[in-house]
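The values are calculated or read from the model by the stated rules, or taken from the named source; none is laboratory data. Because the structure is predicted, anything quoted here is derived from the model rather than measured. When we count neighbours, we look across all protein chains shown, and the Cβ atoms used for this are built from the backbone with ideal geometry, even at glycine.
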Amino acid sequence: MNERIKWVDIAKCFGMYGIYVLHFGEQAGRSYPFLLTHVVPLFFLTAGCMENYNKETNFLKYFIKKVKTIMIPFWVFAAIAAVITFIYCNYDSMFISGMMLEVGLGVIRNTFPAASSWFLTCLFVMQLMFFFIKRLRLKALVIAVCFVLYMVSINVMDPSPLFRPSWPYNVDSAFFYIICYAIGYVAFPYVVKLFKMDTKAKKLGFGISGVLAVVYSICAYLGIDLFSYLPFANAIVVILPLLSSCTVIWGFFVIARLLEDVDIFSEIGRNTLYLCGCEYVVKTMATCLFAIIGYTLFLPNPLSVYIYSAILLVFANKYVVPIEKYIIKKIVK
């Protein structure tokens, strides 16, 4: 695909900004539980949207392509993060062997200093799985199979990846999140048609659904889940988390569509792979620079977290990403 879908890139920009905020933990205030629930589904769902442009039918070629575009960047990012952590924390040589083992296992979620790294190996596994699932052709079957995998991850896997992911290369997390990928894949063509807004009905549908999704998202940010008040909520309790995430993501999509001419947002969205890879390093280096000039980084409230995260994201996009691209391009060649 030569032409990017700008609103998808901007939605990914929102997600990347959410990751930078999320990893400040409870310092982010209400954003922390909100983003913890919705930002990862946003990434996997947008990745599923782009699956519509994947026409590769040869698995070996597809595998090699994904190694080049996902795994090689992952290894580069993981190696840099391990070196930075080794120096920053003044660890002994045993740390390096431990980190090598972690990277060899694909950086299991919640076990590696660079917290975003797990997403890359999980996406790699998920896309390889979906290569075969997509061959079912009938999209209802695609959704059904991915929903079964989601249910297996919740009810059969022990421990559940939702609470304690433990499988190498985040295979268990891929089972849990692949339903989001499938929803993005199935829904994307219909979303594109609606977003053209070439009829009054589409404009009305865009406006009403967007307002409702944003209102729901604001309530969710405040800790109020409007879906829990539905009279039949208990009957659909299994899919309520999915319904909630999809509604919030729809709100992001609508806003992204309205802002698709903002170049800085779409540029950041195009670079999410690299921004994901350098998040930990940029944050660590920024903390060190503050210490060098005699200041201790202090973020007294969620607003300061939002501002600081935005500054780091813009800085990383402008100055760090070009270096990463150059290094990875050389390695791939």
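Residue 197: hydrophobic (A, V, I, L, M, F, W, C), at positive phi and assigned to a loop (DSSP other than H, G, I, E, B), yes or no? Yes, satisfied.
Restricting to the stretch 281-333, and then to whatever is in a helix (DSSP H, G or I) and of a type in the set (S, T, N, Q), can you tell me which residue is surrounded by the most Cβ atoms within 10 Å (Cβ to Cβ)?
Across the stretch 281-333, the extreme among qualifying residues is 309.
Which pairs do you get when a residue that is over 12 Å from residue 255 (Cα atoms), found in the stretch 206-234, comes within reach of a residue that is surrounded by fewer than 16 Cβ atoms within 10 Å (Cβ to Cβ) and of a type outside the set (A, V, I, L, M), reach meaning Cβ atoms under 6 angstrom, with the pair 6+ apart or on two chains? From residues that are over 12 Å from residue 255 (Cα atoms), the pairs are 221/30; 226/219. Selection of the stretch 164-216 for residues being among the acidic types (Asp, Glu) and more than 18 Å from the chain's Cα centre (by Cα) yields only 198.
Of the residues making up the stretch 40-94, those that are part of a loop (DSSP other than H, G, I, E, B) and either at negative phi or basic (Lys, Arg) (or both) are 54, 55, 56, 57, 58, 89, 91, 92.
Within the stretch 208-244, take every residue that is over 25 Å from residue 148 (Cβ atoms) and among the aromatic types (Phe, Trp, Tyr) and give me the one that is modelled with the lowest pLDDT. Among them, the one singled out is 229. Collect the residues in the stretch 127-142 that are part of a helix (DSSP H, G or I) and either in contact with a Leu (Cβ under 9 Å, 6 or more places away or on another chain) or over 16 Å from residue 47 (Cβ atoms) (or both), keeping them in residue-number order. The answer is 129, 132, 133, 135, 136, 139, 140, 141, 142. Total residues in the stretch 271-308 satisfying the condition of being touching a His at 6+ places or on another chain (Cβ under 9 Å) and among the hydroxyl-bearing types (Ser, Thr, Tyr): the figure is 1. Does residue 296 count as touching a Phe, Trp or Tyr at 6+ places or on another chain (Cβ under 8 Å) and without any contact (Cβ under 8 Å) to a residue 24 or more places away in the chain? When the stated conditions are applied, residue 296 passes them.
Filtering the stretch 231-280 to residues that are of a type in the set (Asp, Glu) and surrounded by fewer than 20 Cβ atoms within 10 Å (Cβ to Cβ) leaves 260, 261, 263, 267.
Total residues in the stretch 219-230 satisfying the condition of being out of contact with any Phe, Trp or Tyr (no Cβ under 7 Å at 6 or more places or on another chain) and surrounded by 14 or more Cβ atoms within 10 Å (Cβ to Cβ): the figure is 2.
Restricting the stretch 191-218 to residues that are among the basic types (Lys, Arg) and either touching a strand residue (DSSP E or B) at 6+ places or on another chain (Cβ under 9 Å) or surrounded by fewer than 14 Cβ atoms within 10 Å (Cβ to Cβ) (or both) leaves a set whose member that is farthest from residue 6 (Cα to Cα) is 200.
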